[in-house]
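In what follows, a single structure is set out as structure tokens and then discussed.
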Amino acid sequence: MSARNALDQELAQVGPETFTARDYKPGRVVHIVLFKFAPSTPDAVLTDVTERFLALRDAPREDGEPYIVSIDAGPQASGEGAVGADYDLAFVVVFASSGDRNYYVGEPVQSDPRYLDGAHAAFKEHVGPLLSGGDVLVFDIVP
């Protein structure tokens, strides 16, 4: 079963309020995001995207408290020539629970606007058109 199908089943079983709760499945969750931009994308755009993404670390939940443990960011710097070397920016986001990760991701995992980060949703709307063919790679490591 794919991770997406498993999350869909989990959401259907527990509902969005539980699925996105701070205390839902506690444990360090690492969310890795890679962006690929058109070769002609100016450095100023990459800097802006990085700054906007890093600003998400202070986005509060409904209780007014930030919920992202940390965000690290940087450009591609590997000389290995491995698959994926053509991605331009990487972000590593750490959460204290699967619930916080689920709240952050929002759509397409869950779409109830009461249980998602509006700042992250706005960021996705902003960055989507800037990506080369919408190319983004996301990989989550969950305990």
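The values are calculated or read from the model by the stated rules, or taken from the named source; none is laboratory data. These numbers come from a predicted model, not from an experiment. Methodologically, a virtual Cβ is constructed for each residue, glycine included, from the backbone with ideal geometry; neighbour enumeration extends over all protein chains shown. SASA here: full protein model, heavy atoms, side chains in, ligands and nucleic acids out. Shrake-Rupley method; radii C 1.70, N 1.55, O 1.52, S 1.80 Å.
Values as computed for the structure displayed
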read-out	value
Radius 13 Å from Cβ of residue 131, net charge of other residues (Lys, Arg +1; Asp, Glu -1)	-2
For the chain, built as a Gaussian network whose Cα springs stay under 10 Å, the top-fluctuating residue of 99, 128, 79	79
Value of relative contact order over the range 85-143, rounded to a whole percent, pairs C-alpha under 8 Å and six or more apart	21 percent
The chain - mean residue ellipticity at 222 nm from DSSP helices (-39,500 (n - 2.57) per run, n ≥ 4, rounded to 500)	-9500 deg cm²/dmol
Percent carbon-and-sulfur accessible area, the range 1-116, ignoring ligands, DNA and RNA, probe 1.4 Å	53 percent
Gain in span if fully extended, residue 12 to residue 114, counting 0.36 nm per residue against the direct Cα distance	35.1 nm
Length gained when the stretch residue 69-residue 32 is fully extended (0.36 nm per residue, less Cα-Cα span)	12.0 nm
Accessible solvent surface per residue of the chain, calculated while the other protein chains remain in place, 1.4 angstrom probe, Å²	55 Å²
Pairwise centroid distance, computed over Cα atoms, of the range 121-138 with the range 7-83, Å	12 Å
Volume per residue that the Cα convex hull of the range 10-66 spans, once the total is divided by residue count, Å³	126 Å³
Cα→Cβ-extended label distance, 7 Å offset, between residue 3 and residue 47, nm	3.2 nm
Proportion of all alpha-carbon pairs of the chain beyond 21 Å (%)	44 percent
Mean separation of Cα contacts under 8 Å (6+ apart) over length of the range 23-136, as relative contact order %	38 percent
Estimated FRET transfer efficiency when R0 is 30 angstrom, pair residue 76-residue 96 (beta carbons, to 0.05)	0.60
